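**Q** Here you go, one structure.
The values are calculated or read from the model by the stated rules, or taken from the named source; none is laboratory data. Just so we're clear, the structure is a prediction, and the values are computed from it rather than from any experiment. For neighbour counting, all protein chains shown are included, and Cβ atoms are generated from backbone atoms with ideal geometry for every residue, glycine included.
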Amino acid sequence: MTTVETAPIAPLAWQPPAGAVWSGRWVDGASAMPVHDPEDGTLLGHVTDASPAEVDQAVTGVATAVAAVGSGAGWAAWQRREALEAASRLVARHHEVLAELISREGCKTVREARGEVSRAAETLRLSAQQTGLLTGETLPFSDTARGAGRLGWYTREPVGVVAAITPFNDPLNLVAHKLGPALAGGNGVVLKPAEATPLTALAFVQILLDAGVPADYVAVVPGTGATAGRALVSHPLVDLVSFTGGFRTGNEVARAAGAKKTLMELGGNNAVLVLDDADREAAARAVVAGAFGVAGQNCLSVQRVFVAAPIADRFVQDVVDATETLRVGSKSDPRTDIGPLIGEREARRVQEWVAEACDGGAELRTGGRREGAFHWPTVLTNVPARARVMTEEIFGPVLVIERFDTLDEAVARANDTRFGLQAGVFTAGLESALSVAERLRVGAVMINDSSDFRIDAMPFGGPKQSGVGREGVRYAVEAMTEPKIIAVRHGG
Ligand code: NAD
């Protein structure tokens, strides 16, 4: 393992407008906040640090536009489809600029960032398709005597104004997962991106405007969670809050939102079970990729592995060997596998949790090293049950591997967490795979894969403290629209 090499600094290919966009023009806010590259602290630019008054302007502007056209008929479904299709093509066309923004202000290597841009184009394509599926049905009024002489149906109507709050770790695709469905459903939307990664969000909103989204249907208010975020979610003209972030923040958002519709995509502490008949080497490769991609800053990251005792020693060795081939380094170097955490403070927190586990008797099998915002991929075994690396979401490059004797024990330990996002199980046996899948209390079980797999069309989310409702384009569109009944009393 070598000291982290950082690449020479080049200016950003895309310089953002300084402001929050509101009513279709870039408006300079009264105060600005800097955006830094977490790798080395380079100043990348400034964005508006929106005040509650600026958030109010943005929300009021969007709410006025949406209210003016009542049910959204002013921006017809076919126009929404065309705009979202055009946006998907523009995202693909600006692939490299977007990948650079994601990678420079965030924590993804340039390779990982390119993958995210392709997914965002796909999310927009899926959103465009949903405009043709906003259907209702006729209602069975004649099934009751009281319904005689009536004819009725329902349609799906936009909820109105959607507030979108997004985290730093997928600064483009998670924004697309909120704005795409919100717009497909005919809503106006106000976005508050993560403090660390507003530049990608601003570029994305510019792309939506260029693609033909009406200027007053979309606004972005960069700023802090405590000020801009809180002002947005508590605004009385917001009809639905779509939040992705940590559980603690989610609780604050729910309190500030009050009795509004909310969609919440929160944290994970995902488990993978490796049974004794599994393809051990394939499982080790998938676990290493799932645990250490984006330096573990991924809600689907593999954090805990439970492996059958007869293959445990060899599996741990496979994982350690594969981990030690990973290259920690600058995000801009295409050879890099593991970039930085989003800040040195986060890297220090991860280091502290690892030290706590080791003080309690855990064995450090590899990693454990930190330099600035970089934390080396770390594998721990024999971890005390109540150590934070076991019970909390680590959101860093740390993997815990524990052995099990019976399948019941493995399932119980995998379920022993407040979270329930996704899980994986490796086995050659269909019966064991299905039995484990049925008993794990999570939103999705990947058989012969790690927890870290998703397609953007899946209903996405989980039970327990992993969230409220489901995202995934079609399911988000469903949540962001509501049925409206029209009934005719014709007396026949
Ligand atoms: P975070 O909770 O710190 O912040 C998320 C967003 O909320 C940011 O935009 C932040 O500014 C804003 N915010 C903070 N306080 C607020 C408040 N009081 N009111 C309104 N908004 C507020 O999360 P993060 O560190 O950016 O991201 C990491 C977390 O996100 C992890 O827990 C991860 O699991 C979760 N996440 C979940 C999913 C999912 O789909 N389930 C996907 C990605 C990330």
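**Q** In the range 141-166, what residues are touching a residue at least 60 places away in the same chain (Cβ under 8 Å) and in contact with a Phe, Trp or Tyr (Cβ under 9 Å, 6 or more places away or on another chain)?
**A** Once the filter is applied, which keeps residues that are touching a residue at least 60 places away in the same chain (Cβ under 8 Å) and in contact with a Phe, Trp or Tyr (Cβ under 9 Å, 6 or more places away or on another chain), the range 141-166 yields 149, 150, 151, 152, 163, 164, 165, 166.
**Q** In the set 155, 166, which member is of a type in the set (Ser, Thr, Tyr) and within 17 Å of the chain's Cα centre (by Cα)?
**A** 166
**Q** Looking only at the range 402-452, which residues are among the hydroxyl-bearing types (Ser, Thr, Tyr) and in contact with a helix residue (DSSP H, G or I) (Cβ under 9 Å, 6 or more places away or on another chain)?
**A** Within the range 402-452, 417, 427, 432, 435, 450, 451 meet the criteria.
**Q** Among the residues of the range 199-210, are any hydroxyl-bearing (Ser, Thr, Tyr), modelled with pLDDT of 95 or more and buried (at least 24 other Cβ atoms within 10 Å of the Cβ)?
**A** For the range 199-210, residues hydroxyl-bearing (Ser, Thr, Tyr), modelled with pLDDT of 95 or more and buried (at least 24 other Cβ atoms within 10 Å of the Cβ): present.
**Q** Of everything in the range 143-160 that's surrounded by 15 or more Cβ atoms within 10 Å (Cβ to Cβ) and in contact with a His (Cβ under 8 Å, 6 or more places away or on another chain), which residue is farthest from residue 223 (Cα to Cα)?
**A** Within the range 143-160, the match that is farthest from residue 223 (Cα to Cα) is 150.
**Q** Continuing with this model, one more query. If residue 347 satisfies every condition in (1) among the hydrophobic types (A, V, I, L, M, F, W, C); (2) within 14 Å of the ligand (Cβ to nearest atom); (3) closer than 23 Å to residue 423 by Cα but one, which is the exception?
**A** With (1) among the hydrophobic types (A, V, I, L, M, F, W, C); (2) within 14 Å of the ligand (Cβ to nearest atom); (3) closer than 23 Å to residue 423 by Cα applied to residue 347, the lone miss is (3).
**Q** Being small (Gly, Ala, Ser) and either more than 16 Å from the ligand (Cβ to nearest atom) or not assigned by TED's automatic domain parsing to the domain that holds residue 301 (or both) is the filter here; which residues of the range 425-449 pass it?
**A** If the condition is that a residue be small (Gly, Ala, Ser) and either more than 16 Å from the ligand (Cβ to nearest atom) or not assigned by TED's automatic domain parsing to the domain that holds residue 301 (or both), then 428, 429, 432, 433, 435, 437 are the ones that fit.
**Q** Here's a follow-up. Sort through 442, 488 and tell me the only one that's outside any strand (DSSP E or B) and of a type outside the set (Asp, Glu).
**A** After ruling out the rest, the residue left standing is 442.
**Q** Looking only at the range 274-284, how many residues end up being under 13 Å from residue 305 (Cα atoms) and either in a helix (DSSP H, G or I) or modelled with pLDDT under 95 (or both)?
**A** 3
**Q** For the structure I just gave you, tell me whether residue 453 is aromatic (Phe, Trp, Tyr) and under 26 Å from residue 183 (Cβ atoms).
**A** So residue 453 does not fit the description; no.
**Q** If you don't mind, there's one more thing I want to ask. Could you please let me know if residue 164 is under 16 Å from residue 266 (Cα atoms) and assigned to a strand (DSSP E or B)?
**A** yes
**Q** Follow-up. Would you mind stating whether residue 103 is within 21 Å of residue 45 (Cβ to Cβ), modelled with pLDDT of 95 or more, more than 16 Å from the ligand (Cβ to nearest atom) and not in a loop (DSSP other than H, G, I, E, B)?
**A** In short, yes.
**Q** Regarding the range 65-87, can at least one residue be identified that is surrounded by fewer than 15 Cβ atoms within 10 Å (Cβ to Cβ) and in contact with a strand residue (DSSP E or B) (Cβ under 6 Å, 6 or more places away or on another chain)?
**A** yes
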